[in-house]
Amino acid sequence: MFSKRLVGLHQRVRYSCAVFSKHSLNTRLSNSGTILLKKSPHLHPSLSTVRYSSSNSVVPPVITKAIEAATSTGNDSFTPASVEEVIKSIGPIPEIPALPGPKVLELLANGEPSLTSLGLGGWSPYGLLQHLLEFVHVSTDLSWGWTIVAVAALIRVLCFKLVVRTRQESIKTAHVLPQMQFLQQKMLEARQQNDIIEASRYAMELSNFTKEQPSMYGALKYGLAQGAILLSFTQALRSMCNLPVEALQTGGFYSIVDLTMKDPTMLLPAANGLLFYIHLLTAKEIQNMFPGKNPIFVHAGMVGVSAALFLISMNFQGAIVLYWISSQCVTLIQHRVLKHPRVKEYYNLGDIGNAKIAEMLKKETAKKTSSTSKLGFWSRIKEAQVNNRLADEVKRRAELDSAAFERAGREPIRKTYKYDVTKIKK
């Protein structure tokens with residue numbers, strides 16, 4: 001007699017391997033629903049008994065079918081016919097499933113595996129860009145480095161209309177912002193002098209001016225569209241580098257061969273930061289947005305932003321930085337073209353501001369610059385603190401006046417005279 005016991009948390013099934021007599025096998029059913037099978041001295045290794053508990057047990061379907069087939073004959077012995085019924089009820093044992101075959105890669109015309117077979121591509125924005133890169137790479141037989149340059153230039157050319165609309169909106173903002181800053185400065189000066197009437201008048205003028213002028217955030221939607229293209233292209237190249245695509249590891253040029261790795265020579269990040277600085281330096285709209293600021297501080301800000309971009313580019317793969325450089329080169333060419341007189345006239349990119357307002361703003365800016373140029377760094381900080389304190393005081397007084405007005409409307413009329421003139425007897 002050989003037995004093996006398996007105990008689980010939710011089931012308790014015991015399989016007992018036994019041998020049985022060729023002639024008889026006595027069975028009996030206990031009160032708890034347990035089937036007990038007895039063996040005889042004559043052993044036969046062809047059958048197995050099953051003992052299971054009816055309380056909190058889960059019996060496999062195969063064993064249930066075997067028990068039902070064995071007990072359906074109504075007698076206490078197994079016959080060859082009952083054995084065949086048990087085998088039929090259990091059914092054939094399934095074959096071992098075949099192992100998955102090797103992954104088949106689809107090769108392109110140049111012998112490289114396609115991006116689809118590598119798990120890239122798709123209908124997402126960056127997937128479509130990957131298909132475009134693959135199409136240009138295969139059809140033109142260019143290396144991956146020059147393919148990235150060509151596709152980046154093509155996309156920037158197709159986005160020329162967005163560049164024009166962004167330029168138009170930035171010119172409008174550059175002409176609206178100085179006058180808005182002028183009104184804000186006048187309102188601040190009136191508050192410093194505790195002149196509530198003048199401060200209210202300038203606040204009303206500022207509100208009417210902003211309603212009449214176009215929105216200063218008109219260029220934001222065009223900038224977001226170009227930013228979406230930039231992020232999609234960056235994500236497409238990043239997924240190709242992280243896989244990596246083997247052809248990208250040898251698709252560079254000159255000393256930068258592996259485009260899936262960071263540039264060890266730091267030439268690409270340096271070129272990216274330098275081109276961005278040139279772009280900021282040649283864009284006069286950016287400088288016109290800060291008319292009252294010292295040009296030295298504006299220039300220092302441009303240098304700082306370009307240096308930050310250089311540090312960021314050091315942490316990206318060479319393919320991504322190469323795309324950024326190519327895109328900036330085409331952008332510089334487009335801005336150079338937009339500065340041509342005929343192109344400016346065609347796209348209405350000239351000056352749209354009022355000459356009188358521009359002259360007035362110029363004089364006010366000159367006065368402000370001459371008065372504040374003699375102040376040192378700490379003096380300007382103290383002046384800013386005084387201005388903030390005065391603004392808080394004006395705000396506090398306005399709140400007190402509003403509370404007093406509301407309280408006067410609710411409370412009874414206060415007596416402000418010694419006697420009532422209406423009750424004087426003549």
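If each residue of separation counts as 0.36 nm, what is the full-extension length gain between TYR254 and LEU224 once their alpha-carbon separation is subtracted?
7.3 nm
Per residue, what accessible area does the range 106-258 have, given a 1.4 Å probe and all protein chains present, in Å²?
Counting only protein heavy atoms, the per-residue value for the range 106-258 is 55 Å².
Could you compute the FRET efficiency for GLU205 and LEU105, with r as their C-beta to C-beta distance and R0 at 51 Å, rounded to 0.05?
0.15
Structure shown: which of LYS221/LYS262; LYS161/LYS221; LYS211/LYS344 lie over 25 Å apart, alpha-carbon to alpha-carbon?
Flagged as over cut-off: LYS221/LYS262; LYS211/LYS344.
With a 10 Å radius around each residue's Cβ, average the other Cβ atoms per peptide and rank 383-392, 230-239, 297-306, highest first.
Taking the mean over residues of other Cβ atoms within 10 Å, the ranking is 230-239, 297-306, 383-392.
Could you work out how much longer the chain between SER117 and PHE135 gets when fully extended? Use 0.36 nm per residue separation minus the Cα distance between them, nm to one decimal.
5.0 nm
Once you keep just the Cα pairs under 8 angstrom separated by 6 or more residues, what percentage relative contact order results for the range 106-258?
Relative CO of the range 106-258 lands at 27 percent.
Any chance you could check the Cα centroid distance between the range 253-271 and the range 108-170 for me, in angstrom?
When both Cα centres are located, 20 Å separates them.
Just how many % of Cα pairs in the range 106-258 lie over 24 Å apart, if you round to the nearest whole percent?
55 percent
If a paramagnetic tag sat 7 Å from the Cα of ASN388 along the Cα-Cβ line, which residues of the range 193-222 would have the backbone N under 20 Å from that point?
Under cut-off, by backbone N: 193-194.
Give me the one-decimal nm value for the distance between modelled label points at VAL343 and GLU212, 7 Å along each residue's Cα-to-Cβ direction.
So the label points at VAL343 and GLU212 sit 3.4 nm apart.
How much length would be gained if the chain were fully extended between LEU274 and LEU162, taking 0.36 nm per residue of separation minus their Cα-Cα distance, in nm to one decimal?
Here the segment from LEU274 to LEU162 would lengthen by 37.9 nm.
Of THR147, PRO113, SER232, which is farthest towards the positive pole of the range 106-258's charge dipole, taken about the Cα centre with +1 and -1 on the beta-carbons of Lys, Arg and Asp, Glu respectively?
Final value for the positive-end residue is SER232.
Round to the nearest 0.05 the FRET efficiency obtained for THR282 and ASP195 when R0 = 41 Å and r is the Cβ-Cβ distance.
Computed FRET efficiency for THR282 and ASP195: 0.40.
At a 1.4 Å probe radius, carbon and sulfur cover how many percent of the accessible area of the range 106-258?
61 percent
Using the beta-carbon distance between VAL303 and LYS395 and R0 = 56 Å, what value does 1/(1 + (r/R0)^6) give for FRET efficiency, to the nearest 0.05?
0.90
The values are calculated or read from the model by the stated rules, or taken from the named source; none is laboratory data. The model shown is predicted, which means the values in this text are computed figures rather than measured ones. No Cβ is skipped: glycine too gets one built from the backbone with ideal geometry, and neighbour counts run over all protein chains shown. To get the accessible areas, we keep the full protein, side chains included, count just its heavy atoms, and leave off ligands, DNA and RNA. Shrake-Rupley method; radii C 1.70, N 1.55, O 1.52, S 1.80 Å.
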